[in-house]
Amino acid sequence: MILFIPAPNAFSVQSIRLVTGEWPPYTTENPKRPGMATEIVLEAFKAVGIGTTLEYYPWPRCELMIKQGQNVATFPYVKSPQRLEFSKFSKPMLSEKTYLYYTDTAMSGRTFRDISELADYRVGTMPGFIHQEMFEKHDVPAKVVKSTLVGLEMLLLGRLDYFPSNTLVANRLIEKHFKDKKDRFRYLPDPMYDTTLHLMVSRWNPEGDDILKAFNRGLQKLRRSGRLRKIEKKYQFSR
């Protein structure tokens, strides 16, 4: 006699605590429009039958939780040699290009073969972002600001020469907060870096590997069904 029993969840993890920060339109606390990365992560876990809870913190604290080995997952993060020392990453969920924004026409048309060349300019950065790590590695004395909005304001005030951001984030802020001055903003044609965004877990999290396997499988389902592309289009993301 064959006994048919519903297949249990293929993963040992049943529920996941997620932490992230404020970085619209990728992540935001707006429940009706939580951000492109947030929707992808939540739907990927839902697709494999895993529950989630989501909490918002400053970006440095999200990364600190991973360093401390806490049983959480955070997103969207860029891989780096420094982070790989204490964390593991999912397969890419999104691609991301970051450009150097400026407002002074004297900064236009410049090219930089190496990030260290920016040491001669006033550049900004944000805590918990990969460009902060890159500037520190190349001894670039970057001014740390709390948000992209503040960085753009400092460009307008002439207190920074360059500020790194991807166009999806910066252009939306410019349209919302600086519409009458948007013609003053420019960005260099070559990206400062071209990378991918991931879910990140601690190397010391005993459930870390299962979390990543579950997410990767859910992400694959979203991609195959076309749902991933629909989320990207919703937030006007272009490859």
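The values are calculated or read from the model by the stated rules, or taken from the named source; none is laboratory data. This one's a predicted model, so the numbers in the text were calculated from it and none came from an experiment. Cβ sites come from the backbone with ideal geometry, for glycine too, and all protein chains shown count toward neighbours. To get the accessible areas, we keep the full protein, side chains included, count just its heavy atoms, and leave off ligands, DNA and RNA. Shrake-Rupley method; radii C 1.70, N 1.55, O 1.52, S 1.80 Å.
Touching a Phe, Trp or Tyr at 6+ places or on another chain (Cβ under 8 Å), without any contact (Cβ under 8 Å) to a residue 60 or more places away in the chain and farther than 21 Å from GLN236 by Cβ: does that describe GLY124? In short, yes. Within the range 120-131, the residues that satisfy the criterion of being of a type outside the set (A, V, I, L, M, F, W, C) and either surrounded by fewer than 16 Cβ atoms within 10 Å (Cβ to Cβ) or in a helix (DSSP H, G or I) (or both) are ASP120, PRO127, HIS131.
Yes/no per residue for (1) out of contact with any helix residue (DSSP H, G or I) (no Cβ under 9 Å at 6 or more places or on another chain); (2) under 22 Å from ARG217 (Cα atoms); (3) of a type in the set (Lys, Arg):
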position: PRO25; (1), (2), (3): no, no, no
position: THR52; (1), (2), (3): no, yes, no
position: ALA106; (1), (2), (3): yes, no, no
position: LEU118; (1), (2), (3): no, no, no
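Does TYR235 fit the bill of being aromatic (Phe, Trp, Tyr) and in contact with a strand residue (DSSP E or B) (Cβ under 6 Å, 6 or more places away or on another chain)? Answer is no for this residue. Residues in the range 189-210 that are hydrophobic (A, V, I, L, M, F, W, C) and open to solvent by less than 10 Å² (accessible area, probe 1.4 Å) were compared, and the one that is farthest from LYS67 (Cα to Cα) is LEU197.
Looking at the range 85-97, is at least one residue among the small types (Gly, Ala, Ser), in contact with a helix residue (DSSP H, G or I) (Cβ under 9 Å, 6 or more places away or on another chain), at pLDDT 95 or above and assigned to a loop (DSSP other than H, G, I, E, B)? Steps first, answer last, please.
Within the range 85-97, the first condition is being among the small types (Gly, Ala, Ser), and the residues that meet it are 87, 90, 95.
Then drop every residue that is not in contact with a helix residue (DSSP H, G or I) (Cβ under 9 Å, 6 or more places away or on another chain), which leaves 87, 90.
Within this subset, residues satisfying the condition of being at pLDDT 95 or above are 87, 90.
Cutting the leftovers down to assigned to a loop (DSSP other than H, G, I, E, B) gives us 90.
Yes, because at least one residue in the range 85-97 is among the small types (Gly, Ala, Ser), in contact with a helix residue (DSSP H, G or I) (Cβ under 9 Å, 6 or more places away or on another chain), at pLDDT 95 or above and assigned to a loop (DSSP other than H, G, I, E, B).
Within the option set MET134, MET154, being open to solvent by less than 50 Å² (accessible area, probe 1.4 Å), assigned to a helix (DSSP H, G or I) and at pLDDT below 95 holds for one residue only, MET134. Selection of the range 157-178 for residues being open to solvent by 30 Å² or more (accessible area, probe 1.4 Å), part of a helix (DSSP H, G or I) and either acidic (Asp, Glu) or in contact (Cβ under 8 Å) with a residue 24 or more places away in the chain (or both) yields THR167, ARG172, LEU173, GLU175, HIS177. Does TYR56 count as at pLDDT 95 or above, open to solvent by 20 Å² or more (accessible area, probe 1.4 Å), over 20 Å from GLN132 (Cα atoms) and of a type outside the set (Val, Ile, Thr)? Yes, satisfied. Take the residues of the range 98-110 that are open to solvent by less than 30 Å² (accessible area, probe 1.4 Å) and outside any strand (DSSP E or B): which is farthest from ILE174 (Cα to Cα)? Here the residue is MET107.
Scanning the range 72-88 for residues that are under 17 Å from PHE45 (Cα atoms), within 15 Å of the chain's Cα centre (by Cα) and aliphatic (A, V, I, L, M) returns a single hit, ALA73. With respect to the conditions (1) without any contact (Cβ under 8 Å) to a residue 60 or more places away in the chain; (2) open to solvent by 20 Å² or more (accessible area, probe 1.4 Å), GLU43 falls short on a single one, namely (1). The single residue among LYS181, LYS213, LYS234, LYS221 that is free of Cβ contacts under 8 Å to residues at least 60 places away in the same chain and open to solvent by 80 Å² or more (accessible area, probe 1.4 Å) turns out to be LYS181. For the range 23-42, residues that are aromatic (Phe, Trp, Tyr) and in a loop (DSSP other than H, G, I, E, B) total 1.
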